[in-house]
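The values are calculated or read from the model by the stated rules, or taken from the named source; none is laboratory data. Keep in mind that this is a model prediction, so the values were computed, not measured. Positions of Cβ are backbone-derived with ideal geometry, glycine not excepted, and every protein chain shown enters the neighbour counts.
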Amino acid sequence: MAKALATALTEHQFEHWYIETDQSDILWLYLDRKGETTNSLSEAVLLELDSIITLSETLNPKGLVIQSAKEASFIVGADIREFDHFENAEEVSAKIRQGHAVLSRLENLPFHTVAAIHGYCLGGGLELALACDYIVALNVPETRVGFPEVKLGIFPGLGGTTRITERVGGMAGLEMMLTGRMLRMGPARKIGVIDELVSENGSLRWAARRAVLKRRKKREPSMTASMTNRQPARSALARVMKKKTAEKANPDHYPAPFEMIDLWAEHRDNRVRMFEGEAERVGKLMVSPTARNLRRVFFLSERMKGLGKSEYFKVRRVHVVGAGVMGGDIATWCVMQGMEVTLQDREAKYIEPALKRAKSLFKKRLKKKPAVSAALARLIPDVEGEGVPRADVVIEAIYENLEAKRELYASLEPRMAEHAILATNTSALPLEDLASELAQPSRLIGLHFFNPVAKMPLVEVVHGEQTDKSWITKGGAFCSQINRFPLPTKSSPGFLVNRVLAPYLMEAITMRLEGIDQHIIDAAAIRFGMPMGPIELADVVGLDVCMNVAKTLAKGDVTAQRELLEGMISDNKLGKKTGEGFYKWEKGKADRAPAEVDNAYGDQLAKRLMKPFLDECEAVSRDGIVEDDDLLDAGIIFGTGFAPFTGGPMNYLANLNN
C-alpha cells in the first residue's frame, strides 16, 4: 500500500505544497509557499489544497498530517495583499464560500486528519487547523495561535467563527476573536484550542503519527463552555460582550466585533447559517472604508518594521543615564526584551524608584518567579557609569538642559566603544546644538520614546544635518530589536509627534479655560476616534512636560494656558505620576466620568479640537520632517493613537477633500 501511494504521488507536482508518504500509509502534507519567507493562505494555496484533497480521496490513506515546511511558522493567516483586489462585497462573499467548501472537504475526509503546528498559527492558518480532527503543537515561546482579523476590520471568515466556538465554547471563543490576542501554548491547551503539546521539534512528527494511528479526537468542551453556546445563556452573554466591546471600540468606527457577536447570537445553533453569515458579513466588512484603512495601517507597520532591519548590528548591552520616569522605563523595557542594562544616576537613591517600577512590570508581564528574577538581574544600578565601555547603545535621558547634556556627552564619548550608538531622549532640543561639541558629531542620534514606554510602539529616530546615515540605520535596528517601530525624523522643534500634539493640547486647555467641562472635551475627542481625550493625555504625558511644550512649541499667545499649568505644577499636580492633575488618579486610572454629549455638539467640539492637530500635520508634511505622508500617517497613528480606522491624518484629509 505504501509503495502504491508513493508511486501515485510521483505523478503529481504542486507549486506551494509537497507530499510524502510513509510505511504506515500516512500522507504528510507540507505547505511551502513559493517565493515567500512565511506561509499565508492565498487563493492559489487553497485551490491546490482542494486538488490535494481530491487526490487523497482516491488514495485512501490511513491519515493525513498537515505541517509547514517553513522553519519559523505554520501559517500566519490569509494573504492580506489579496484583500484589496476585491471590488464589491458579493465578490468577497463568493471567494469566502469557495474557501468554506475546501475546508469543509478537509473536515469531512473519511480518514484521520492532524494539524502539526510550530511557530505562528494565525487567522486562516488556525481556521485550517481547526478543520482537522486533532491539533498537536510544539510547546515553545515562538508558537502562538490567534485570530487577529478584528484588527483588520473583519472577523474570521473561513469557518473560524463557527469552529472555534464549537471547540472551546462561546465565551472563550468570542474573547479570543474579539481581543485578537495571540495565545501561547499553555493557555491555548488549557481552553482547548490545542489538543496535545510536545516539547521537542523531533517529537512533533511522532506525536502527529501517533494521533493518526490511534485516531485521536479533539477534546470536547466542558459542559459549562458548551452551555455558553445555547439559549438563554447565549443571548445574555452576547449583551455583556457587546457592552464590554463598546467600552473599547465605537461600533460606528469598528463594526466588525459587533457584527461577529450578532452572528453568533443569532445563528450559533445552526451551522449552515453560521457559515453563510460569515460569508455575507465578512464580505461587506472587507470592502468597508474601515477595513481598507486598517489594512493600510497594517502595511504601514510592515514598512516600519523594514526600517529596522539590519544584519550587522546586534544589541546585547544598553547603558541609560537618567533614572527618572522616562530613563527608568526605557531601561526596563530593554531588559524585557532580553538585554542587559546598566542604569546610571547621581546617587543610588534616584535609581531605586525605577527598580521598583521595573519589578512591578516584570511581575505583571513575566509572571513566573524565575523569569522575574532573571530580568531583575539584568537591570544593574550603575552610579559610576561602569557599563559605558561595554554598551552597544548609550541613551541619555536626563533633564532638558543643553549645557548639562553637553557636559554629560563629554564624559561619555571618550569611554564608549567605537561601534556603540550615542543617543538622546530629548523631546525638544535640536541635535545640531547637542552634537556641536562632540569629537564625532555625526554619531549622535535621537531615540525619542513616548510615555508610557511599555505601551507606546513608536520611537522617533531623530537625525540632524550632521548625523551619518549609518547611525540612523543602527538606531532603527535597535528599535526593531526592542520590538518598537522606528521612525526616521528630522531634527526640528518637537520633531513629529510632539509638534503635532502641541497645538492640540493647547486648544483643549483653551476650551477648558472657556468653561467647557473637561469630561465633555475628552468625550468629544474619543467620539472622533482618539484613544483618550487631550485633557487625560496631558495628565499622562505630565503637566510639567506640557508646560515645556507650551514654552517651546505652542503658537500664538498661550499666557493663560501657561499660568494655569504653572499653578498646577506649583501645587505638585503633575498628572498621573503624582496622582493628580486635571484628574485624580488611582491605581493608574483617572477619575474621568463618562460624559453624555449631544451628537451635533460633540461633532462641533471634535472638529474644533482636531483642526489644529490636522493643520500641523499638513505643515509637517510641507516641511519634510519625515520621508513621506505614509510615514507621517504611521508616526501619528503609532505615536499618538490617532484613529486607526481613518488610515492616518493625511489619508483622512485626502478622503475628506475628495
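A few comments on the model shown:
- Within the stretch 497-515, one or more residues are charged (D, E, K, R), over 27 Å from the mean Cα position of the chain (by Cα), within 21 Å of D591 (Cβ to Cβ) and surrounded by fewer than 23 Cβ atoms within 10 Å (Cβ to Cβ).
- Contacts under 8 angstrom Cβ, first residue in the stretch 289-306 being touching a residue at least 60 places away in the same chain (Cβ under 8 Å) and under 11 Å from K151 (Cβ atoms), partner basic (K, R) and assigned to a helix (DSSP H, G or I), 6 or more apart: L294/K151; F298/K151
- Subset of the stretch 604-636 that is in contact with a strand residue (DSSP E or B) (Cβ under 9 Å, 6 or more places away or on another chain) and not hydrophobic (A, V, I, L, M, F, W, C) - its residue that is surrounded by the most Cβ atoms within 10 Å (Cβ to Cβ): G635
- For the stretch 527-536, the condition holds for at least one residue, the condition being that it is surrounded by 24 or more Cβ atoms within 10 Å (Cβ to Cβ), acidic (D, E), more than 22 Å from the chain's Cα centre (by Cα) and not in a loop (DSSP other than H, G, I, E, B).
- Flag if T228 is modelled with pLDDT under 95, β-branched (V, I, T) and out of contact with any strand residue (DSSP E or B) (no Cβ under 8 Å at 6 or more places or on another chain): yes
- Of the criteria (1) farther than 30 Å from F299 by Cα; (2) surrounded by 11 or more Cβ atoms within 10 Å (Cβ to Cβ); (3) hydroxyl-bearing (S, T, Y), which one T559 fails: (2)
Every residue, every condition in (1) assigned to a loop (DSSP other than H, G, I, E, B); (2) surrounded by 19 or more Cβ atoms within 10 Å (Cβ to Cβ), yes or no:
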| site | (1), (2) |
| --- | --- |
| R167 | no, yes |
| K190 | no, no |
| T245 | no, yes |
| P251 | yes, no |
| P257 | no, yes |
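- Looking only at the stretch 215-233, residues that are on the phi < 0 side of the Ramachandran plot and either part of a loop (DSSP other than H, G, I, E, B) or in contact with a Lys or Arg (Cβ under 6 Å, 6 or more places away or on another chain) (or both) come to 12 in all.
- Checking each residue in the stretch 457-479 for being assigned to a helix (DSSP H, G or I) and either among the aliphatic types (A, V, I, L, M) or surrounded by fewer than 21 Cβ atoms within 10 Å (Cβ to Cβ) (or both) picks out K469, S470, W471, I472, T473, A477.
- Scanning the stretch 94-122 for residues that are buried (at least 21 other Cβ atoms within 10 Å of the Cβ) and polar (S, T, N, Q) gives a single hit, T113.
- Scope the stretch 389-403; condition assigned to a helix (DSSP H, G or I) and closer than 15 Å to S427 by Cα; matching residues: L402
- Condition met for E418 (closer than 30 Å to G306 by Cβ, in the same structural domain as P353 (by TED's automatic domain parsing) and not in a helix (DSSP H, G or I)): yes
- Residue within the stretch 422-431 that is part of a strand (DSSP E or B) and more than 19 Å from G494 (Cβ to Cβ) present: yes
- Look at (1) buried (at least 20 other Cβ atoms within 10 Å of the Cβ); (2) farther than 22 Å from L46 by Cα and you find that K151 fails only one, number (1).
- Among (1) free of Cβ contacts under 8 Å to residues at least 12 places away in the same chain; (2) among the small types (G, A, S); (3) buried (at least 18 other Cβ atoms within 10 Å of the Cβ) - the single one A236 does not satisfy: (3)
To keep it simple, each residue is scored yes or no on (1) surrounded by 23 or more Cβ atoms within 10 Å (Cβ to Cβ); (2) under 22 Å from the mean Cα position of the chain (by Cα); (3) in the same structural domain as N108 (by TED's automatic domain parsing).
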residue: G124; (1), (2), (3): yes, yes, yes
residue: A129; (1), (2), (3): yes, no, yes
residue: C132; (1), (2), (3): yes, no, yes
residue: V136; (1), (2), (3): yes, no, yes
residue: V145; (1), (2), (3): yes, yes, yes
residue: P187; (1), (2), (3): no, yes, yes
residue: N201; (1), (2), (3): no, no, yes
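- Residue match in the stretch 335-356 (condition: of a type in the set (A, V, I, L, M, F, W, C), closer than 20 Å to T489 by Cβ, part of a helix (DSSP H, G or I) and outside the structural domain of V540 (by TED's automatic domain parsing)): no
- Where a residue in the stretch 320-338 is hydroxyl-bearing (S, T, Y) and its partner, wherever it lies, is part of a helix (DSSP H, G or I), with Cβ under 8 Å and at least six apart: T332/A354; T332/R357; T332/A358; T332/L361; T332/F362
- Qualifying residue in the stretch 353-366 (condition: closer than 15 Å to C334 by Cα, surrounded by 13 or more Cβ atoms within 10 Å (Cβ to Cβ) and in contact with a Pro (Cβ under 8 Å, 6 or more places away or on another chain)): yes
- Selection status of K551, more than 21 Å from P452 (Cα to Cα) and more than 25 Å from the chain's Cα centre (by Cα): yes
- Residues being charged (D, E, K, R) and at pLDDT 90 or above are represented in the stretch 3-16 by at least one member.
- Flag if M568 is out of contact with any strand residue (DSSP E or B) (no Cβ under 6 Å at 6 or more places or on another chain), within 29 Å of P251 (Cα to Cα), touching a residue at least 24 places away in the same chain (Cβ under 8 Å) and of a type outside the set (V, I, T): no
Rundown of residues vs (1) modelled with pLDDT under 95; (2) under 20 Å from V150 (Cβ atoms); (3) in the same structural domain as T37 (by TED's automatic domain parsing), yes/no style:
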residue: T54; (1), (2), (3): yes, no, yes
residue: T58; (1), (2), (3): yes, no, yes
residue: G63; (1), (2), (3): no, no, yes
residue: I66; (1), (2), (3): no, no, yes
residue: E71; (1), (2), (3): yes, no, yes
residue: A78; (1), (2), (3): yes, yes, yes
residue: R81; (1), (2), (3): yes, yes, yes
residue: E87; (1), (2), (3): yes, no, yes
